[in-house]
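The values are calculated or read from the model by the stated rules, or taken from the named source; none is laboratory data. These numbers were taken from a predicted model, which means no experiment stands behind them. Quick reminder, even Gly has a Cβ in these numbers, built from the backbone with ideal geometry, and neighbours come from all protein chains shown. We work out accessible area using only protein heavy atoms, side chains counted, and drop any ligands, DNA or RNA first. Shrake-Rupley method; radii C 1.70, N 1.55, O 1.52, S 1.80 Å.
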Amino acid sequence: MARPTRQKPSVNPNLDRLQTYPFQKLSTLLGGVTPNPRLRPIAMYIGEPRHPTPEFIKRSLADSLDGLASYPPTHGSRELRAAIAGWLDRRYGLDGIDPDTEVIPVNGSREALFAFAQAMIDPSRPSPVVICPNPFYQIYEGAALLAQASPAFLNSVPEHNYAFDFGQLPPAIWERTQLVFVCSPGNPTGYVMPRMEWQKLFDLSDRYGFVIAADECYSEIYFDEANPTPGALQAARELGREGYPRLVVFSSLSKRSNVPGMRSGFVAGDRNVLKKFLLYRTYHGCAMCPPIQQASIAAWNDEAHVAENRRIYRDKFSAALAILQPAIDVHLPDAAFYLWMPTPGADTDFAQQLYREQAVSVLPGSYLARESHGINPGSNRVRIALVASTEECVEAATRIRDFHASL
Ligand SMILES: Cc1ncc(COP(=O)(O)O)c(C=O)c1O
């Protein structure tokens, strides 16, 4: 009988290209630091919604437990896809997105963003590139690396009001580009892409043939009820792009309806692309649990709780900014629930000392970005998530202001 050897198991070498996740970096940064024992620690580093889940969503989930007795189809139920299509039509004035070919329910946008790159990238073409905004949601980069592509970055900086300068990347990069991630409203900047910018990106996609993955998971957190954030499908329709060519949006209930644990979202857009993605997902095995599908239908069909959610964020932002703005150059974002605040010195030092002296944890901006075009556009900024209660956010803002004044 052959003796067992000590050979290492063979694993995908691309796993070694993955970066340490920002929260792990933060835990190392704060690991040896004792927060001020006189103060209650307040976590502002993570973008996890903490407003209560609406009762009617919980009830719908509990009332649907019989659904556990069957395997769900990968494409989700017709009723869920119709609820999503109806929401898209109402929200973006789309007038008839097809629930059968232009919508797929997903288990939160994160898994879908990751899986999408695996399904889209053709590694047999020379040196595939995936373009990511910078700073960015870290899944885009990991998805690109595991799909055997290389990420290229488009910096989003305050000097240009966070707008993308597509001219930053040369034609040689665009020619190898197979997928472009954009995030609007952006994490962490809150930047919302206007129609003109979509037009430029669509023109590039028409020229070079890449697919656009538009991450819109913060679309429902905006501050002016009369001006909802515009979306990518809406921009495509307004620009007369029949059938959303090479465009897929990623949306989610996590932030909209305060159900991050439910893992429910959808993708919508180009039916040819989605047909391939559905095929991929059939093998990937990621159909949505039936009770969660039922609760998602209830959530997509109600707007009152979403307006109330926005009201709470609006109140929090105005309370926090009233405390911070007289002392610090920090602004209300276009949308989403982050303050992207400049720091007087290194962002990592700021985060560490703030934790030590005021027991408030925030995320260093440099952890969310990569050195590109000669800078790390996250340097000297911290991301502050206003997800806790208004009372806690006010307390945290006061401590941040006092700490800032002491520097
Ligand atoms: C920019 C961005 N996209 C996607 C997600 C994933 O959200 P979910 O998987 O809950 O839909 C997050 C979560 O924080 C995010 O910040």
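Scan segment 93-106 for residues that are more than 16 Å from the ligand (Cβ to nearest atom) and either of a type in the set (D, E, K, R) or under 15 Å from residue 278 (Cα atoms) (or both) and jot them down.
Our first condition is that a residue be more than 16 Å from the ligand (Cβ to nearest atom); within segment 93-106, this holds for 93-102.
Those that are more than 16 Å from the ligand (Cβ to nearest atom) and either of a type in the set (D, E, K, R) or under 15 Å from residue 278 (Cα atoms) (or both): 95, 98, 99, 100, 101, 102.
Pull out all pairs, ordered by first then second residue, where Cβ-Cβ is under 7 Å, the residues are six or more apart or on different chains, the first lies in segment 366-378 and is more than 19 Å from residue 24 (Cβ to Cβ), and the second is in a loop (DSSP other than H, G, I, E, B).
377/135; 377/156; 377/157; 377/369
Check segment 217-233 and report whether any residue there is at pLDDT 95 or above, open to solvent by 40 Å² or more (accessible area, probe 1.4 Å), more than 16 Å from the ligand (Cβ to nearest atom) and farther than 27 Å from residue 330 by Cα. Quick ask: steps written out before the conclusion?
Quick first cut of segment 217-233, residues at pLDDT 95 or above only: 217-233.
In the following step, the residues that additionally are open to solvent by 40 Å² or more (accessible area, probe 1.4 Å) were identified as 224-228, 230.
Filter again for more than 16 Å from the ligand (Cβ to nearest atom), leaving 224-228, 230.
Still in the list and also farther than 27 Å from residue 330 by Cα: none.
Taking every residue of segment 217-233 in turn, none turns out to be at pLDDT 95 or above, open to solvent by 40 Å² or more (accessible area, probe 1.4 Å), more than 16 Å from the ligand (Cβ to nearest atom) and farther than 27 Å from residue 330 by Cα.
When the residues of segment 311-362 are filtered to those that are open to solvent by 40 Å² or more (accessible area, probe 1.4 Å) and of a type in the set (Asp, Glu), which remaining residue is nearest to residue 231 (Cα to Cα)?
Result: 334.
Given the criteria farther than 15 Å from residue 87 by Cβ, charged (D, E, K, R) and assigned to a loop (DSSP other than H, G, I, E, B), does residue 281 qualify?
Values: farther than 15 Å from residue 87 by Cβ: yes; charged (D, E, K, R): yes; assigned to a loop (DSSP other than H, G, I, E, B): no.
So residue 281 does not fit the description; no.
Looking for whichever is away from the ligand (no atom under 13 Å from the Cβ), modelled with pLDDT of 95 or more, assigned to a loop (DSSP other than H, G, I, E, B) and surrounded by fewer than 19 Cβ atoms within 10 Å (Cβ to Cβ) here; the options are 59, 90, 125. Which one fits? Give the steps one after another, and end with the answer.
Numbers: 59 fails: assigned to a loop (DSSP other than H, G, I, E, B); 90 fails: assigned to a loop (DSSP other than H, G, I, E, B).
So the residue among 59, 90, 125 that is away from the ligand (no atom under 13 Å from the Cβ), modelled with pLDDT of 95 or more, assigned to a loop (DSSP other than H, G, I, E, B) and surrounded by fewer than 19 Cβ atoms within 10 Å (Cβ to Cβ) is 125.
Tally time: how many residues in segment 175-209 are farther than 19 Å from residue 339 by Cα and in contact (Cβ under 8 Å) with a residue 60 or more places away in the chain?
Looking only at segment 175-209, we keep the residues that are farther than 19 Å from residue 339 by Cα, and these are 175-182, 194-209.
If we keep only those that are in contact (Cβ under 8 Å) with a residue 60 or more places away in the chain too, we end up with 179, 181.
Summing the residues that are farther than 19 Å from residue 339 by Cα and in contact (Cβ under 8 Å) with a residue 60 or more places away in the chain in segment 175-209 gives 2.
Where the second residue is modelled with pLDDT under 95 and open to solvent by 10 Å² or more (accessible area, probe 1.4 Å) and the first is within 12 Å of residue 268 (Cα to Cα) and lies in segment 83-94, which pairs have Cβ atoms under 8 Å and are six or more apart or on separate chains?
Matching pairs, first to second residue: 89/95; 89/96.
Take the conditions surrounded by fewer than 23 Cβ atoms within 10 Å (Cβ to Cβ) and modelled with pLDDT under 95 and apply them to residue 203. Does it pass? Quick ask: steps written out before the conclusion?
Details: surrounded by fewer than 23 Cβ atoms within 10 Å (Cβ to Cβ): yes; modelled with pLDDT under 95: no.
No.
Answer yes or no as to whether residue 47 is within 25 Å of residue 398 (Cβ to Cβ) and at pLDDT below 95. Steps first, please.
Numbers: within 25 Å of residue 398 (Cβ to Cβ): yes; at pLDDT below 95: yes.
Yes, satisfied.
May I ask you to verify whether residue 291 is more than 16 Å from the ligand (Cβ to nearest atom), touching a residue at least 12 places away in the same chain (Cβ under 8 Å) and outside any helix (DSSP H, G or I)? If you could, list the steps in order and put the result at the bottom.
Numbers: more than 16 Å from the ligand (Cβ to nearest atom): yes; touching a residue at least 12 places away in the same chain (Cβ under 8 Å): yes; outside any helix (DSSP H, G or I): no.
Spelling it out, it is not the case that residue 291 is more than 16 Å from the ligand (Cβ to nearest atom), touching a residue at least 12 places away in the same chain (Cβ under 8 Å) and outside any helix (DSSP H, G or I).
Checking residue 285 against (1) of a type in the set (Gly, Ala, Ser); (2) surrounded by fewer than 24 Cβ atoms within 10 Å (Cβ to Cβ); (3) in contact with a Pro (Cβ under 9 Å, 6 or more places away or on another chain): exactly one of these is not met. Which one?
(3)
When you check residue 109 against the structure, is it open to solvent by 10 Å² or more (accessible area, probe 1.4 Å) and away from the ligand (no atom under 16 Å from the Cβ), yes or no? Full working, then the answer.
Numbers: open to solvent by 10 Å² or more (accessible area, probe 1.4 Å): yes; away from the ligand (no atom under 16 Å from the Cβ): no.
The answer is no for residue 109.
Mind checking which pairs have a first residue in segment 239-260 that is over 18 Å from residue 229 (Cβ atoms) and within 8 Å of the ligand (Cβ to nearest atom) and a second that is modelled with pLDDT of 95 or more and open to solvent by less than 40 Å² (accessible area, probe 1.4 Å), Cβ under 7 Å, 6 or more apart or different chains?
Pairs found: 260/254.
Pick from 117, 144, 172, 152: which is assigned to a helix (DSSP H, G or I) and in contact with a Ser or Thr (Cβ under 9 Å, 6 or more places away or on another chain)?
Working: 117 fails: in contact with a Ser or Thr (Cβ under 9 Å, 6 or more places away or on another chain); 172 fails: in contact with a Ser or Thr (Cβ under 9 Å, 6 or more places away or on another chain); 152 fails: assigned to a helix (DSSP H, G or I).
Exactly one of 117, 144, 172, 152 is assigned to a helix (DSSP H, G or I) and in contact with a Ser or Thr (Cβ under 9 Å, 6 or more places away or on another chain), namely 144.
What about residue 163, is it in contact with a strand residue (DSSP E or B) (Cβ under 6 Å, 6 or more places away or on another chain), in contact (Cβ under 8 Å) with a residue 24 or more places away in the chain and of a type in the set (A, V, I, L, M, F, W, C)?
On the way: in contact with a strand residue (DSSP E or B) (Cβ under 6 Å, 6 or more places away or on another chain): no; in contact (Cβ under 8 Å) with a residue 24 or more places away in the chain: yes; of a type in the set (A, V, I, L, M, F, W, C): yes.
Spelling it out, it is not the case that residue 163 is in contact with a strand residue (DSSP E or B) (Cβ under 6 Å, 6 or more places away or on another chain), in contact (Cβ under 8 Å) with a residue 24 or more places away in the chain and of a type in the set (A, V, I, L, M, F, W, C).
Kindly indicate whether residue 168 is away from the ligand (no atom under 16 Å from the Cβ), open to solvent by 10 Å² or more (accessible area, probe 1.4 Å) and closer than 26 Å to residue 111 by Cα. Please lay out each step first, then the result.
On the way: away from the ligand (no atom under 16 Å from the Cβ): yes; open to solvent by 10 Å² or more (accessible area, probe 1.4 Å): yes; closer than 26 Å to residue 111 by Cα: no.
So residue 168 fails the test.
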